[in-house]
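Enquirer: Below is a structure I'd like to ask you about.
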Amino acid sequence: MLVRSYFSSSATTMARALVRAASSLSSLQSPPRPPAPLRPRAFHYAASPLKKSALLGRGTGGLWRGGDARAFARASASQRGYRKARRQLPKKSKERELELSVSICIEDDLPDDPEILSIADLLRVNVPMAMKLAFDGLKDSNYKTRDTAIQDVGGYQSVELSVLLCNDEFIRKLNKEWRDEDHATDVLSMSQHVPELKLPILMLGDIVISVETAARQAEERGHTLLDEIRILLVHGLLHLLGFDHELSEEAETEMEKEEEILLKSLGWKGKGLIQSAYDSQNDRSPYKENATDRKKEGSLRFYKPKFSYIFCDMDGTLLNSKSQISSITAKALKEALSRGVKVVIATGKTRPAVINIMKPVDLAGRDGVISELSPGVFVQGLLVYGRQGREIFRRNLDQSVCREAFLYSQEQKVPLIAFCEDRCLTLFEHPLVNSLHTVYHEPKAEIMPSVERLLATADIQKMIFLDTSEGVATNLRPYWSEAIGERANVVQAVPDMLEIVPPGTSKGSGVRMLLDHLGASAEEIMAIGDGENDVEMLELASLGVALSNGSEKAKAVANVIGISNDEDGAADAIYRYAF
């Protein structure tokens, strides 16, 4: 046998053979009419209820790189376009030999992961080996349940097969389009063989494998990703050759036996897919419970980022109700960074506070989320830092507002903190003042001897009154909303704090200013927040995610409402929507 094995990660003519077959069918009809889109004649299912098989349209000479599963399955060669793939031409021979034409394909939304590229390269050799052994097995086959439409491959000049590696999202779309089932499977296969055409080319079909599902199953079953993909390849190939374990118990037994024979003959590790799925069900593996999640921790390597930037709030978003960042959320941020996404903090906190919070989880520093050299939006957008951490915007409060507020604080004994870039100032000690440092990680407040001394010490960007949630709602907010008029605004990030900020500024305006500075557009960003101070940022972003613990105003403008901060909602949003 001669082997032509093509590998490509760009647009291809996987529909070429399908179009050729459809055109031939059309020429037999009178009068001629345009060929209708071919759909799979039969769908085949894998052993596990979660893993069913069937699928697609194809041709030879390379691979299709594109994100639209429907277009992949329906498009003609003229619609798709194609680039010649590197190929090794067979040597001329006096006697005609059966040519195996194999395309190893990588779907466009799979990133250039080194392991995937290595596996794809190995499949150039593995797939023809599996095909040859499978064809040899057909000659003496005594299986009672196999469809014998393909029997003697020696009667063809060549055999064409494509193998496409993709992620869960892509295979989910194919399942939804062709099978009306909106979930991912591990492998799908579809025969393009039409016996009535009497073609010299056996268009065997396509095998589509979700690398993400394969990786989860490999971990569950204790072998490598390559081992699992080989198992799925054998399963898909047998479906194309007429085996169908869904027909009956006898058919399942026969296909399971052929899987075992092929894997042993090839020297490949692992049990067949039918037996592996059966073992997993008997072991009550947690895989079934998690399989419906589109993306899970550790799976981002199989996805390309949808956004260049993720803008994240801190309190109530990245931080849980204990004002801590969990290891799960930290890991999600690290995975996003490793995939090339820039994570930018947009918060009411000061920059030193964010650095202090991120240090214990190794997210502070040049390669982390925050450092003195990274861009960010702080103190409700009143301090914005751009490239190399340089200040590009600052806005201070009207001193008359500051004086009135501190006089009120002094008289009413309600603690008030002034935020002055990297410093916090106040008039007296109070447990709530201390909690701002011990719980919220802000700089320890410096006690000033008088209002005038405090005002003369530094420019004030914002002030925060600290009280109970009831005290803020019934006393502080109504009083100061009226008292400051148009000289300032009041906002709330958390229920027990009332913030007074300059008018006309917000976290959203700070984000917009930073995007202009970085030369980025709102279409490139995803934003995650929870408070009413996040509203403009969520509205601005291409995708705004408000966590379920957030304010009604934030949830009203968000594109998506995620789970709560105490359930690692920010991490879930990153895994689910950023890729």
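The values are calculated or read from the model by the stated rules, or taken from the named source; none is laboratory data. This structure is a prediction, so every number in the text was calculated from the model and none was measured. Cβ sites come from the backbone with ideal geometry, for glycine too, and all protein chains shown count toward neighbours. SASA here: full protein model, heavy atoms, side chains in, ligands and nucleic acids out. Shrake-Rupley method; radii C 1.70, N 1.55, O 1.52, S 1.80 Å.
Enquirer: Only one of (1) at negative phi; (2) surrounded by fewer than 18 Cβ atoms within 10 Å (Cβ to Cβ) fails for GLY222. Which number is that?
Expert: (1)
Residue by residue, here is whether (1) among the charged types (D, E, K, R); (2) surrounded by fewer than 21 Cβ atoms within 10 Å (Cβ to Cβ); (3) out of contact with any Lys or Arg (no Cβ under 9 Å at 6 or more places or on another chain) holds:
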{"residue": "SER118", "(1), (2), (3)": "no, yes, yes"}
{"residue": "LEU123", "(1), (2), (3)": "no, no, no"}
{"residue": "VAL159", "(1), (2), (3)": "no, no, yes"}
{"residue": "ILE171", "(1), (2), (3)": "no, no, yes"}
{"residue": "ASP182", "(1), (2), (3)": "yes, yes, no"}
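Enquirer: Just to be sure before I move on: is LEU397 in a helix (DSSP H, G or I), on the phi < 0 side of the Ramachandran plot and touching a residue at least 24 places away in the same chain (Cβ under 8 Å) in the structure I sent?
Expert: Working: in a helix (DSSP H, G or I): no; on the phi < 0 side of the Ramachandran plot: yes; touching a residue at least 24 places away in the same chain (Cβ under 8 Å): yes.
No.
Enquirer: Okay, moving on. Can you tell me which of (1) at pLDDT 95 or above; (2) open to solvent by 10 Å² or more (accessible area, probe 1.4 Å); (3) within 18 Å of ILE328 (Cα to Cα) is the one ILE528 doesn't meet?
Expert: It fails just one condition, (2).
Enquirer: Looking at ILE207, ILE231, which is the one that is touching a strand residue (DSSP E or B) at 6+ places or on another chain (Cβ under 6 Å) and on the phi < 0 side of the Ramachandran plot?
Expert: Values: ILE231 fails: touching a strand residue (DSSP E or B) at 6+ places or on another chain (Cβ under 6 Å).
One residue alone meets the criteria, ILE207.
Enquirer: In addition: Can you say whether SER435 is open to solvent by less than 40 Å² (accessible area, probe 1.4 Å) and within 40 Å of the chain's Cα centre (by Cα), as far as the supplied structure shows? So that I can check it myself, show each step before the final result.
Expert: Details: open to solvent by less than 40 Å² (accessible area, probe 1.4 Å): yes; within 40 Å of the chain's Cα centre (by Cα): yes.
Criteria met by SER435.
Enquirer: In the set VAL414, VAL433, which member is in a loop (DSSP other than H, G, I, E, B) and not assigned by the TED database to the domain that holds SER551? Walk me through how you get there before you give the answer.
Expert: On the way: VAL433 fails: in a loop (DSSP other than H, G, I, E, B).
After ruling out the rest, the residue left standing is VAL414.
Enquirer: Of the residues that make up the stretch 107-119, is at least one touching a Leu at 6+ places or on another chain (Cβ under 6 Å) and hydroxyl-bearing (Ser, Thr, Tyr)?
Expert: No, that holds for no residue.
Enquirer: Just give me the residues in the stretch 129-174 being farther than 27 Å from LYS264 by Cα, assigned to a helix (DSSP H, G or I) and in contact (Cβ under 8 Å) with a residue 24 or more places away in the chain, in sequence order. Walk me through it before giving the result.
Expert: Looking only at the stretch 129-174, we keep the residues that are farther than 27 Å from LYS264 by Cα, and these are 155-157, 167-174.
Pick out the ones that are also assigned to a helix (DSSP H, G or I) and you get 155, 168-174.
ASP168, GLU169, PHE170, ILE171, ARG172, LYS173, LEU174, listed by residue number.
Enquirer: May I ask you to list the residues in the stretch 329-356 that are open to solvent by 10 Å² or more (accessible area, probe 1.4 Å) and either part of a helix (DSSP H, G or I) or touching a His at 6+ places or on another chain (Cβ under 6 Å) (or both)?
Expert: Once the filter is applied, which keeps residues that are open to solvent by 10 Å² or more (accessible area, probe 1.4 Å) and either part of a helix (DSSP H, G or I) or touching a His at 6+ places or on another chain (Cβ under 6 Å) (or both), the stretch 329-356 yields LYS331, LYS334, GLU335, LEU337, SER338, ARG351, PRO352, ILE355, ASN356.
Enquirer: Pairs please, first residue from the stretch 92-106 and modelled with pLDDT of 55 or more, second anywhere and part of a loop (DSSP other than H, G, I, E, B) and aromatic (Phe, Trp, Tyr), Cβ atoms under 7 Å, 6+ apart in sequence or on different chains.
Expert: Pairs found: LEU98/TYR156; CYS105/TRP64.
Enquirer: Shifting gears a bit: Restricting attention to the stretch 484-508, which residues are touching a helix residue (DSSP H, G or I) at 6+ places or on another chain (Cβ under 7 Å), open to solvent by 40 Å² or more (accessible area, probe 1.4 Å) and of a type outside the set (Asp, Glu)?
Expert: ARG487, PRO495
Enquirer: Looking at (1) more than 25 Å from LEU133 (Cα to Cα); (2) under 26 Å from the mean Cα position of the chain (by Cα); (3) not hydrophobic (A, V, I, L, M, F, W, C), which is the one condition that is false for GLU196?
Expert: (2)
Enquirer: Can you name the number of the only condition in (1) more than 19 Å from ARG512 (Cβ to Cβ); (2) open to solvent by less than 10 Å² (accessible area, probe 1.4 Å) that GLN324 fails?
Expert: Only one criterion is unmet by GLN324, namely (2).
Enquirer: Can you tell me which residue in the stretch 543-575 is farthest from ALA336 (Cα to Cα), limited to those that are of a type in the set (Asp, Glu) and under 17 Å from the mean Cα position of the chain (by Cα)?
Expert: Quick first cut of the stretch 543-575, residues of a type in the set (Asp, Glu) only: 552, 566-568, 572.
Remaining after also requiring under 17 Å from the mean Cα position of the chain (by Cα): 568, 572.
Details: ASP568: 15, ASP572: 12 Å.
Among residues in the stretch 543-575 that are of a type in the set (Asp, Glu) and under 17 Å from the mean Cα position of the chain (by Cα), the one farthest from ALA336 (Cα to Cα) is ASP568.
Enquirer: Please work out which one of (1) open to solvent by less than 10 Å² (accessible area, probe 1.4 Å); (2) in a helix (DSSP H, G or I); (3) within 19 Å of GLY376 (Cβ to Cβ) is the condition ASP516 fails and give its number.
Expert: (1) is the only condition that ASP516 fails.
Enquirer: Let me ask you something else. If you scan the stretch 204-219, which residues turn out to be of a type in the set (Asp, Glu) and open to solvent by less than 10 Å² (accessible area, probe 1.4 Å)?
Expert: Pass one, the stretch 204-219, residues of a type in the set (Asp, Glu): 206, 212, 219.
Within the stretch 204-219, ASP206, GLU212 meet the criteria.
Enquirer: Still on this structure, please answer the following. Here are the criteria: (1) without any contact (Cβ under 8 Å) to a residue 24 or more places away in the chain; (2) out of contact with any Gly (no Cβ under 7 Å at 6 or more places or on another chain). Tell me which single one ILE563 does not satisfy.
Expert: (2)
Enquirer: If GLU429 meets every condition in (1) touching a helix residue (DSSP H, G or I) at 6+ places or on another chain (Cβ under 7 Å); (2) loosely packed, with under 14 Cβ neighbours inside 10 Å; (3) acidic (Asp, Glu) apart from one, which number is that one?
Expert: (1)
Enquirer: Let me ask you something else. Are there any strands (runs of 3 or more DSSP E) wholly within the stretch 520-565 with 3 or more residues that are out of contact with any helix residue (DSSP H, G or I) (no Cβ under 8 Å at 6 or more places or on another chain) and among the hydrophobic types (A, V, I, L, M, F, W, C), and if so which?
Expert: Numbers: elements: 525-529, 543-547, 560-562.
Result: empty, no element qualifies.
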